[in-house]
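Contents: one structure, followed by commentary.
Throughout, read-outs are computed from the coordinates displayed, never taken from laboratory work. This structure is a prediction, so every number in the text was calculated from the model and none was measured. Quick reminder, even Gly has a Cβ in these numbers, built from the backbone with ideal geometry, and neighbours come from all protein chains shown.
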Amino acid sequence: MKFIDNYQADATADLVYRACPMHLLEPMELMKDLKKGQVLEILTDYDGALEDIPAWCAKNGQEFIGISEDGCDDCYKLYIKKLS
Amino acid sequence: MKRAYMDHAAATPVRPEVLEAMLPFFVERFGNPSAVYDLGSEIKEVMEEQRGKVARLLGARADEIIFTSSGAEANNLAIKGMAQATYLKRGKHLIVSGIEHHSVLNSARFLEKFFDFEVTFLPVDRYGRVDPERLQKAFSPATVMVSVQHGSNEIGTVQDIPELVAMCRAAGIPFHTDAVATAGQVPVDVQELGVDLLSISGPALGAPKGIGALYFRNKLRLVPQLNGGIQESGRRGGTENIPGIVGLGRAAELALRELEGKAAYLAKLRDRLIAGVQKAVPHVFFTGHPENRVPGHASFCIEGIEGEALIFMLSSQGIYANTGSACASKALKTSPVLGAIGIRPDLAQGSIVFTLSRDNREQDVDYVLEHLPLAVEKLRSFSPVWRKKMAEGAGV
C-alpha cells in the first residue's frame, strides 16, 4: 500500500458510512465524468476499500495513486487517476 | 349516518390519483430496482423520477432525498444517523424541543441511554414556541445537532424555523426539522427554512402508510440505521417499497400543485371550527398558537371531561377526531406536549384535536358544532367532580 500526502483532486466521492459496495459503485460512475489525467479522491471508512480500489484500478486500466490519512479522523482518502 | 372524519394527522385515505399511479407496480411492474436487467433498471428509473418529485415539493435536489418507511423512520435516521456520524468530531450533546413527536424524543433518549449522550429538552412557551435565546444558551462545543418540529401534530403551532436555523448555522450546528404535520399544508422549502435535515410522511400527503422520506443537505454524512446493501445509495438498506415510493411521488406532485389554495381553504374551515367550539362549549381552552399554526389543525382542552370518552361518544355520531397523542392517550398518561405548554394534568385529560383535509366541507364543521356541545354536556353530567366544581363556581 502506497501512503502519500493529500493530493489535489478534481472530484471527491464521500462514501463514509455508506454500505459496501458503494465504495466501488459511486467512483465507477464519477470516473465516467472525468477526463483522462484527472484525479478522483475517495473518502471511505470501509477497510475493504484498501484492497478493492487498487484491484479495481488494476483491472480497469486506471492508476491507483495512493492513500492518505491526513485530515480525515474517521476515514481513508484514496486517490485514483483516470488513464482510459 | 353522516360522517365527518377529522383525524387526518392519524390516517388519510389514499388519493385515487395516487392509487392509480401505484397499481401497476404491484403486479405488472414488480422488478427490483437493484437488478441489472431491464425489468429492474426501468423500475430504478421510475424510482428516481419519484425522488425528483419529492425533491421539488421540498425545494431540494433529488440526490438529497432518502426514501424511508415512515416519518418516524426518517426522524430516527436523522437524529441517530447524524449523531452517530458526528460525535467523534464534536461530542455527545443533542438539543431537541420538549414538544417533539415520540420518534424524535425517543431517538434522543436512545442516544442518551445507549451512547451516553447528554440531551437538552428545550422548554417552550405557552403556545409551544421555542425561545431562540434559550436555544442559543443550550449550545455547547459538543452539540452535534438541534431538532425542532416545524409544526406540532398535537397543538398545531408552527415554529419560526429560519430564526432558529440562523443561530445554529452561526454556531456550525446542523438543524433537523420534523415537517410531517406541515408538508403539503404550507410551503416547506428547505432552502427558505435553511434546514440541514427534514422529515416527511407519505400518509399526510395522501400517499399510503408505509412510506416517508428524509431530506438531507448534500454532503452530510449519516450512519445508516437499517444496515443492508446499496439501496438509497448505501444509506438505508432494504429493497425499496416501489408502490409506496410511486404513491409518494404522485402525492408530492399533487401537493405542490394544490398548495396555495389548500392552505387558505383549510385555514377557513379551521377558523370556523375554532370560533364555533369556543362559542358553543363553555370552559374550553384553545391550545397552540392562534395565528402561526398548521392550516387544518384545531386543538382544545375541554374541562371536566376525558378526551377518550369524548372521542368515543363523537364517533358514535360519525365524528372522528383524536386526543392528540395516541401513545399518551392509550396509557391514560398526560401528554408531555400539553405538560410542556403548562396545561394542568386534569385539563390535559380533556384534550381533543381535529385535523382537517381538503375532503372536509363547511357542513362537516357545522355537524361537529352541532354534536360536540351535546356530547360535552352529557359527559360532564356524569362527572361528580365537574358538578361539584360548578357548584363552587370554578372553571378554566
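Here are a few things to note about the model shown:
- Placing unit charges on the Cβ atoms only, positive for Lys and Arg and negative for Asp and Glu, gives chain A a dipole magnitude near 580 debye about its Cα centre.
- Compared with the rule-of-thumb size 2.2 N^0.38 Å for a compact globular protein, the range B:1-90 has a Cα radius of gyration ratio of 1.46.
- For chain B, the 222 nm mean residue ellipticity estimated from helices alone, with every DSSP H stretch of n ≥ 4 adding -39500 (n - 2.57) and the total spread over all residues, rounds to -12500 deg cm²/dmol.
- Of B:L256, B:L197, B:L248, the one that fluctuates the most in a GNM where chain B has Cα springs shorter than 10 Å: B:L256
- Per-peptide average of other Cβ atoms within 10 Å, ordering B:266-279, B:339-352, B:217-230 highest first: B:339-352, B:266-279, B:217-230
- Debye, to nearest 20: dipole size of the protein assembly as shown, +1 on Lys, Arg Cβ, -1 on Asp, Glu Cβ: 980 debye
- Sorting the segments B:62-73, A:41-52 by their mean number of nearby beta carbons within 10 angstrom, highest to lowest, gives B:62-73, A:41-52.
- For chain B, the spread of Cα positions along the three principal axes, ordered from largest to smallest, is 74, 52, 34 Å.
- Rounded to whole numbers, the Karplus 3J(HN,Hα) couplings from phi for the range B:155-163 are 10, x, 5, 9, 7, 7, 5, x, 5 Hz, using 6.51 cos²θ - 1.76 cosθ + 1.60 with θ = phi - 60°, and x at Gly and Pro.
- Members of A:K35/A:K77; B:K262/B:K389; B:K92/B:K262 lying beyond 31 Å, as alpha-carbon distances in this model show: B:K262/B:K389; B:K92/B:K262
- Considering only chain B, percent of DSSP beta bridges that pair antiparallel, nearest 5: 55 percent
- Within the range B:132-237: Cβ-based charge dipole about Cα centre, in debye rounded to nearest 20 (Lys, Arg +1; Asp, Glu -1): 440 debye
- Dipole-positive endmost among A:M31, A:S68, A:T44 within chain A (Cβ charges, Cα centre): A:M31
- Cα long-axis angle, helix B:38-58 against chain B (0 to 90 degrees, to the nearest 10): 50 degrees
- Per-residue shielding of A:14-21, expressed as the average number of other chain Cβ atoms within 10 Å of the residue Cβ, stands at 6.
- Taking every residue in B:8-18 and counting other chain Cβ atoms within 10 Å of its Cβ, the average works out to 0.
- For peptides B:78-86, B:309-317, sequence by mean Cβ density within 10 Å, most packed first: B:78-86, B:309-317
- Projecting the Cα atoms of B:Q231, B:L205, B:G296 onto the charge dipole of the range B:180-303, computed from C-beta unit charges around the Cα centre, puts B:Q231 farthest toward the positive end.
- Sorted into 10 angstrom bins from 0, the C-alpha pair distances of the protein assembly as shown split as 4, 18, 26, 23, 15, 7, 4, 2, 0, 0 percent.
- In the elastic network of chain B, a GNM with C-alpha springs shorter than 10 Å, the most mobile of B:Y127, B:Y215, B:Y37 is B:Y37.
- Counting only DSSP beta bridges with both residues in the range A:11-81, the antiparallel share comes to about 75 percent.
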